[in-house]
Amino acid sequence: MNYPFLITTDSGCDLQLDYCRSRQIIPYHMKYTMNGTEFTDAMTEQSIKEFYDKMRDGAVATTTQINPSDFVEFWRPLLDQRKPILHISLSAAISGTYSNALTAVDILREEFPESRIVVINSTTASAGYGSMCVNAADMRDAGRSIDEIAAWLNNIKRSFNAYYTTPDLTYLHRGGRVSKTSAVLGGLLGINPILDLDGEGHLKVCDKVRGVNATYDRMVRTIKERVFDPASQTVFISHADCPERAAIMADRLKKEVGFRDVFVSNIGVIIGSHTGPGLVATFFIGKARE
């Protein structure tokens, strides 16, 4: 379909490439390094399963933010289509990618003075801003303008809630999210952290629960308390190579909270480099984050 504007994002949104193609959402493929070798997250060099298996075996993965020149090269051929661009970015509180996108917009304005690129700071991560892309595509398909969609996203973005949990605190400790003591004791005592995002998009530990089942109970209860009209929305669930755990969460949220639909995806290598395998994340619209 020939739409009046383009939707772009980056592949940290954790939407599968085939899905992005089907919805005409255009992701920038970010890069990561594993044990000294650089890869793109298009997963042509190694599969997502191979990536997480290597992490389990002790491989260390690191990522780099998208710099302004990357954005310029990404957007330049798209601007040749002479259409506005709506770009939905990873939280500015987590990465400098959003700021670099704004710098690239200024650079491109000199080359394309009539161009228009609207950049949204999602204040969330993973399928949190993936779900924003899906909502934006739905609104575009329904005939809404780029200005209407951008205004809606900016008004509601802090109502996109996110809850994460993992049985392995090693990777969160590496990233400075939990202390070494918490990581060691958590592993020994079977304590699972529950993490969420504040209003600006900083990741933080909001609860600690002993045992996987009790952790899921707490997450489901919290989601029930915060969600708006679940019967009219889709809950997004992402997992880091633990489909069985994601399936349990999906079933419980559908039955106990009453979401209209469930969208399950893999946590890709960009977010997975920081979380490690085993993490399950949920994203939905509810009370505004503070």
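The values are calculated or read from the model by the stated rules, or taken from the named source; none is laboratory data. Here the structure is a predicted model, which is why all the values come from computation and not from measurement. When we count neighbours, we look across all protein chains shown, and the Cβ atoms used for this are built from the backbone with ideal geometry, even at glycine.
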Problem - Looking only at region 6-33, and only at residues there that are within 15 Å of N135 (Cα to Cα) and in a loop (DSSP other than H, G, I, E, B), the one that is nearest to the chain's Cα centre (by Cα) - result: D14
Completion exercise
By residue number, the members of region 131-146 that are in contact with a strand residue (DSSP E or B) (Cβ under 8 Å, 6 or more places away or on another chain) and either free of Cβ contacts under 8 Å to residues at least 60 places away in the same chain or under 27 Å from I267 (Cβ atoms) (or both) are S131, M132, C133, V134, A136, A137, R140
Practice task
Would you check if there is a residue in region 264-282 being surrounded by fewer than 19 Cβ atoms within 10 Å (Cβ to Cβ) and in contact with a helix residue (DSSP H, G or I) (Cβ under 8 Å, 6 or more places away or on another chain)?
Solution key: yes
Fill in the blank from the handout: Log entry, pairs with first residue in region 195-220 being modelled with pLDDT of 90 or more, second being of a type in the set (S, T, Y) and assigned to a helix (DSSP H, G or I), beta carbons closer than 6 Å, six or more apart or on different chains, reads V209/T215
Completion exercise
Counting only residues in region 207-252 that are surrounded by fewer than 15 Cβ atoms within 10 Å (Cβ to Cβ) and among the polar types (S, T, N, Q), the one farthest from A281 (Cα to Cα) is identified as S232
Problem - Selection within region 105-150 - of a type in the set (G, A, S) and assigned to a helix (DSSP H, G or I) - result: A127, G128, G130, S131, A136, A137, A150
Handout entry: Condition check for I88: under 20 Å from the mean Cα position of the chain (by Cα) and assigned to a loop (DSSP other than H, G, I, E, B)
Key = no
Exercise for the section: Return yes or no: is K224 part of a strand (DSSP E or B), not hydrophobic (A, V, I, L, M, F, W, C) and not assigned by TED's automatic domain parsing to the domain that holds Y129? Expected result: no
